[in-house]
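Undergrad: I have a structure I would like to understand better, so I am pasting it below and will then ask my questions one at a time.
The values are calculated or read from the model by the stated rules, or taken from the named source; none is laboratory data. Note that the structure is predicted; figures quoted are calculated from it, not measured. All Cβ positions, glycine included, derive from the backbone under ideal geometry; neighbour counts span all protein chains shown.
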Amino acid sequence: MKTLLLVCSFVFASFSLSAQEGVAVDQIIGHWDLKDIPKAVGKEVVIVDSVYDGRAFENHTLLNVGGKYPGQIISVFIAKKDYKNFSDDILKLYLHKKISVSGKLSIFNEKAQIVVTDPKQINSHLNYKKKVLNVIF
């Protein structure tokens, strides 16, 4: 199974912290495996990986990060009411791109998810090679 690595470089740590005011470097936790994701439920996280697939439903859109459904690492949930915040179709913006997504980690139907309400939570201009999960207290 894939492994998530924390803090792949000082540059990434600086990048992720600059968007989150008041977070000290010592608040970022070490290496995390996928089996450890449930330990981060309820915490603010930043995950970096590719959007392998996604689907637009009547009331929401799901982006599957880290693998195709049903083997995704995490799903990004965007409600229909928040579509107005995005500049274009969500699937068109992020499908098959490497992204970082930030938000509170939750579990829905036994799968990890992050609810996104603002496009600032997603960065698709990445060239990182490692999969990263930052957990911030």
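Undergrad: When both residues are 6+ apart or on different chains and their Cβ atoms are under 8 Å apart, which pairs have a first residue that lies in region 70-83 and is in contact (Cβ under 8 Å) with a residue 60 or more places away in the chain, and a second that is surrounded by fewer than 18 Cβ atoms within 10 Å (Cβ to Cβ) and assigned to a helix (DSSP H, G or I)?
TA: 73/34
Undergrad: Looking at region 128-135, can you tell me whether even one residue there is modelled with pLDDT under 95, more than 17 Å from residue 49 (Cβ to Cβ) and outside any helix (DSSP H, G or I)?
TA: Within region 128-135, not a single residue is modelled with pLDDT under 95, more than 17 Å from residue 49 (Cβ to Cβ) and outside any helix (DSSP H, G or I).
Undergrad: Would you tally the residues in region 87-109 being at pLDDT 95 or above, among the basic types (Lys, Arg) and within 13 Å of residue 123 (Cα to Cα)?
TA: 0
Undergrad: Can you say whether residue 21 is at pLDDT 90 or above, of a type in the set (Asp, Glu) and exposed (fewer than 13 other Cβ atoms within 10 Å of the Cβ), as far as the supplied structure shows?
TA: No.
Undergrad: While we're here: For residues that are at pLDDT 95 or above and either closer than 14 Å to residue 37 by Cβ or in a strand (DSSP E or B) (or both), tally how many sit in region 110-121.
TA: 3
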